[in-house]
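Here, each number is a calculation from the coordinates, and none is a lab measurement. Worth saying up front: this structure is predicted, and the values here are computed from it rather than measured. Positions of Cβ are generated from backbone atoms using ideal geometry, with glycine treated the same way; all protein chains shown enter the neighbour counts.
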Amino acid sequence: MLSKRGTVARIYLPPDANCLLSVADHCLRSRNYVNLIVIDKQPQLQWLDLPAAIEHCRRGASAWAWASNDEGREPDVVLAACGDAPTLETVAAAWWLRRRAPELRVRVVNVVDLMALFPPSVHPHGLSDDDFAVLFTLDRPVVFAFHGYQRAIHEVMHGRPDTERLHVRGFMEQGTTTTPFQMVSLNGMSRYHLCAEALRRTTRLGGRAEALIAECRRCIDNAEAYAREQLEDPPEIAKWTWADA
């Protein structure tokens with residue numbers, strides 16, 4: 001689909017059910033387009049109410065202020081997600097960093113219209129350079145979790161400012177029938193992998209970053225051991241919500 005002409009191809013990855021309703025309504029009303037909707041069949045958390053979901057889908061991509069702590073200032077790192085499972089892990093990563101390293105300014109960006117990442121000269125849905133900079137900044141590291149192959153994001157964002165700062169986590173042909181968390185973990189896209197990547201890409205925490213990265217590694221190992229023994233994810237992962245203390 002990414003190789004098709006921008007005048008006809010559309011790819012949507014709604015992060016929750018309300019965004020799926022908005023995207024499906026738009027696609028069913030459209031004519032003369034090839035629309036692809038990518039959505040998981042597993043139950044997921046609901047991030048946005050319907051009015052917010054409609055506005056998010058209209059924009060194609062937006063910063064989620066409620067999950068961010070940059071408070072409108074320049075962030076230290078951008079955590080971006082495209083797809084429902086990547087969104088879950090990205091929001092959980094932002095939650096974890098907020099509690100372990102509250103001084104780290106994190107901006108969470110969600111992309112529902114994959115074509116919004118294209119430069120506008122390539123696709124009509126592409127964000128303008130100014131809108132792109134508002135979301136992703138011009139020079140801060142971006143850790144991007146994607147429901148697909150990593151190279152697809154590099155292809156789509158080619159031509160954007162300083163793409164060397166883009167660090168994509170996605171599908172690496174790893175995993176089989178296992179727990180939901182182990183699937184993302186095997187592909188290096190779990191909340192702890194994303195946290196560790198963000199910590200590696202910022203200098204704000206100094207020497208504390210290494211200790212936090214080691215903690216992420218222990219969390220990954222503990223979750224794997226629990227899944228091997230219990231055949232399910234640990235409760236702190238399986239039952240996690242943003243409201244958890």
In nm, the gap between the two label points placed 7 Å beyond Cα toward Cβ at residue 52 and residue 100 is 2.5
Would you kindly state the longest site-free stretch of the chain, with sites defined as chymotrypsin sites (Phe, Trp or Tyr not before Pro) in a DSSP loop (not H, G, I, E, B) surrounded by at most 15 other Cβ atoms within 10 Å?
34-241
Please tell me the relative contact order of the stretch 169-245 in percent, rounded to the nearest whole number, where contacts are Cα pairs under 8 Å and at least six residues apart.
29
What is the spin-label model distance, in nm, from residue 33 to residue 151 if the labels are put 7 Å beyond Cα along the C-beta direction?
2.8
Full-extension gain between residue 217 and residue 130, please, as 0.36 nm times their residue separation minus the C-alpha to C-alpha distance.
27.6 nm
Relative contact order in percent for the stretch 60-238 (Cα pairs under 8 Å, 6+ apart) equals 22
Report, in debye and to the nearest 20, how large the dipole of the stretch 60-238 comes out about its Cα centre when Lys and Arg carry +1 and Asp and Glu carry -1 on their Cβ.
420
Computed over the chain: longest principal axis from alpha-carbon atoms vs helix 191-200 long axis, angle to nearest 10 degrees, is 90
Phi angles of the stretch 147-164, converted by Karplus (6.51 cos²θ - 1.76 cosθ + 1.60, θ = phi - 60°) into ³J(HN,Hα) in whole Hz with x for Gly and Pro, give 7, x, 6, 4, 4, 5, 5, 4, 5, 5, 8, 4, x, 7, x, 6, 6, 5
When 4, 239, 41 are ranked with the fewest other C-beta atoms within 10 Å first, the list becomes 41, 239, 4
Structure-based [θ]222 nm, the chain - -39500 (n - 2.57) summed over DSSP H runs of at least 4, per residue, nearest 500:
-12000 deg cm²/dmol
Kindly write out, for the stretch 122-132 in residue order, the coupling ³J(HN,Hα) from the Karplus curve 6.51 cos²θ - 1.76 cosθ + 1.60 (θ = phi - 60°), rounded to whole Hz, with x marking Gly and Pro.
9, 9, x, 7, x, 5, 5, 4, 5, 5, 4
I'd like the FRET efficiency for residue 73 and residue 210, computed as 1/(1 + (r/R0)^6) with the beta carbon distance as r and R0 of 30 Å, rounded to 0.05.
0.75
What is the distance in Å between the Cα centroid of the stretch 15-78 and that of the stretch 218-237?
29
Whole-Å semi-axes of the stretch 60-238's equivalent ellipsoid, largest first, each the root of 5 times a Cα gyration tensor eigenvalue?
27, 20, 13
Helix 84-100 versus the longest principal axis of the chain: what angle, 0 to 90°, nearest 10, using Cα atoms?
40
